[in-house]
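Worksheet: one structure, shown below.
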């Protein structure tokens, strides 16, 4: 028998605690704010998660984490007779594109990304269906819930702080004329490089996050870091060609005087 309820009465943290303590197996569907996530558990451990009724697929996960290129993704898809992740994983490993560890890391990263997004939901509904597991052929990575619950709760607090610092994602960014940080000492992640490549006064922060499939929490965290390092500053979006923040369309950086930061952007594009 399915367990149904409202997030205002029983939040995600409480649901995860219940599943963990009872060592439950099944699928939890959470809906709220226009999003729908399905999270699967086996004997109290997280094993799989998908957003809006569909997973990113193994190839998409590996591309997002920078493990394979667009061309490698195209080749593997053309060779596969099905979309089953386990078959695609074997093809990718046999082709020498990735290792088993690359696959595990990418699947776990995608799963956690979906799960952590759910912690911020305070209004919506949930359904837990006992003993329902992911479809056959899905790659699952068992993960203990204790650390997820702790990290999810920490992110909720951090998200509230970031939202206070950056309440308006319709603002745009531009590089500072004289960055206060020594750029050669800064170690940026793949996600941070992707955001930097889209920085342009014509691009709202919300558009940049959508172009990179990032949550509001992720984009706020990256932008806050860039602001704190003195690399960028907030500006009003400019130009008649500006599109609404709900659109995924973004403008390329305009031709301007070359500087240290622009040389860094060129480096990113060649990666």
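Read the figures in this text as sums done on the coordinates, not as results from a lab. Everything quoted here is computed from the prediction, not taken from an experiment. Glycine also receives a Cβ, built like all others from the backbone with ideal geometry; neighbour counts cover every protein chain displayed.
Compute the distance in nm between two label points, each set 7 Å from the Cα along the Cα-to-Cβ direction, one at residue 154 and one at residue 193.
A separation of 2.6 nm, rounded to one decimal place.
FRET efficiency for residue 1 and residue 80, Cβ-Cβ distance as r, R0 = 51 Å, nearest 0.05? If you can, show how the numbers build up before the last one.
Numbers: r = 38 Å, r/R0 = 0.75.
Efficiency, rounded to the nearest 0.05: 0.85.
Any idea how far apart residue 170 and residue 87 come out in nm if each label point goes 7 Å out from Cα toward Cβ?
Once both label points are built, they end up 4.7 nm from each other.
Can you give me the relative contact order of segment 81-237 as a percent, contacts being Cα pairs under 8 Å and 6 or more apart? Could you put the intermediate results ahead of the total?
Working: 114 pairs, mean separation 40.6, N = 157.
Relative contact order here is 26 percent.
Treat each spin label as a single point 7 Å out from the Cα along the C-beta direction, and report the residue 69 to residue 135 distance in nm.
In this crude label model, residue 69 to residue 135 measures out at 3.0 nm.
So what's the Cα pair-distance distribution over segment 3-155, bin width 5 Å, in %?
Calculated over all Cα pairs of segment 3-155, the distribution is 2, 9, 19, 21, 18, 12, 9, 6, 3, 0 percent.
Work out the FRET efficiency for residue 161 and residue 36 from their Cβ-Cβ distance, taking R0 = 45 Å, and round it to the nearest 0.05. Intermediate values should be presented prior to the final figure.
Details: r = 27 Å, r/R0 = 0.60.
Calculated value: 0.95.
When 9, 102 are ordered from fewest to most other Cβ atoms inside 10 Å of their Cβ, what list results?
On the way: 9 8, 102 19.
With the fewest neighbours first, 9, 102 line up as 9, 102.
Can you give the extra length, in nm with one decimal, that the chain gains between residue 235 and residue 14 once fully stretched, where that is 0.36 nm per residue apart less the Cα-Cα distance?
On the way: separation 221, 0.36 × 221 = 79.56 nm, distance 3.99 nm.
Between residue 235 and residue 14, full extension yields 75.6 nm more.
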